[in-house]
């Protein structure tokens, strides 16, 4: 008996439906593979601090290069915060960073994620990494940004050694190995140091206790670090309140006191008070709470980032005078001065 075409078509359709219900899901999985997540590359960091600035006008030429920059590793356990901004053009900041993590310096140049945190993982692309540090360990941490989408930090303060780095680097897809980004920090703060001496003739100082030195520092109101800006930090006016600094040393080598301060504008008048708990001049009885006053005027260009301003004060009898100003590159250890300086009559 001849089968009707409609019956044959129905049987074929039933077989097709049965086949698709029993194994269609497996076929679907094989034909359309699952979507792979975006590949991430592990990024590590190393950090050093730049100690020498090239002098203006002394950049040199390939035949006669100028001053060579020197660096030192960050001190062990110094806190560092690193933000990664993915971008089309180097230096642009404004969007939320792709990642932000806190690190500790190892003392050998290495930077390790704090606590139990994982390494930074980034997709391939070009990034600018902005790093902030306060060159200190413990509870002293880098300043936070005012918000996630802001490039500006909260207000700053004196006596803090702010470090800053901005570096642009391409992160390539090399999943078999992590990529290291070297960071070279610069100093954003300034430093002032005052040395009190007592050279003279018949009325020279023969004995003295270490004096207290009081002067105004920078007014921090409105101060901030702006990532990617030029300049990164500004110069500010002197404060109205005074700060007293301790001094150390002896009359033979001088009594030295100093502090870190935010960069200060030129032409600022800084009244200085120097009080000796006890001081003895040649041939005279000891005097107590002997007060001397004088003024420091910030030099042309003001107090700028990364520089140390060394003022030498000479006292003879009832007279006080600033005999010179030395401007030097600020070394990693406060109080240890480089051999070279620019000295000016003051």
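Whenever a residue of segment 280-304 is free of Cβ contacts under 8 Å to residues at least 12 places away in the same chain and at positive phi, it has no partner that is surrounded by fewer than 17 Cβ atoms within 10 Å (Cβ to Cβ) and assigned to a loop (DSSP other than H, G, I, E, B) lying with C-beta atoms less than 6 angstrom away and at least six residues away or across chains. Looking across segment 165-188, the residues that are outside any strand (DSSP E or B) and either over 19 Å from residue 151 (Cα atoms) or over 10 Å from the mean Cα position of the chain (by Cα) (or both) come down to 172, 173, 174, 175, 176, 177, 178. Pick from 102, 108: which is at pLDDT 95 or above and surrounded by fewer than 19 Cβ atoms within 10 Å (Cβ to Cβ)? Just a single option satisfies the conditions, and that option is 102.
Of the residues making up segment 232-241, those that are surrounded by 14 or more Cβ atoms within 10 Å (Cβ to Cβ) and part of a strand (DSSP E or B) are 233, 236, 238, 239.
With respect to (1) over 30 Å from residue 126 (Cβ atoms); (2) touching a residue at least 24 places away in the same chain (Cβ under 8 Å), the lone exception for residue 219 is condition (2).
There is no residue in segment 288-296 that is modelled with pLDDT of 95 or more, surrounded by 14 or more Cβ atoms within 10 Å (Cβ to Cβ) and not in a loop (DSSP other than H, G, I, E, B).
Would you mind telling me which numbered condition in (1) in a strand (DSSP E or B); (2) over 18 Å from the mean Cα position of the chain (by Cα); (3) crowded, with 16+ Cβ neighbours inside 10 Å residue 129 fails? Unmet for residue 129, out of (1) in a strand (DSSP E or B); (2) over 18 Å from the mean Cα position of the chain (by Cα); (3) crowded, with 16+ Cβ neighbours inside 10 Å: (2). Determine whether segment 166-186 contains at least one residue that is farther than 23 Å from residue 85 by Cβ, surrounded by 15 or more Cβ atoms within 10 Å (Cβ to Cβ) and in contact (Cβ under 8 Å) with a residue 40 or more places away in the chain. No, segment 166-186 has no match at all.
Look at residue 139 and say whether it is modelled with pLDDT of 95 or more and within 27 Å of residue 159 (Cβ to Cβ). No, not satisfied. Note on segment 54-74: among residues that are assigned to a loop (DSSP other than H, G, I, E, B) and either at pLDDT 90 or above or touching a strand residue (DSSP E or B) at 6+ places or on another chain (Cβ under 6 Å) (or both), the one that is farthest from residue 153 (Cα to Cα) is 66.
The values are calculated or read from the model by the stated rules, or taken from the named source; none is laboratory data. Being a predicted model, the structure only gives us computed values, none of them experimental. Reconstructed Cβ throughout: ideal geometry from the backbone, glycine too, with neighbour counts over all protein chains shown.
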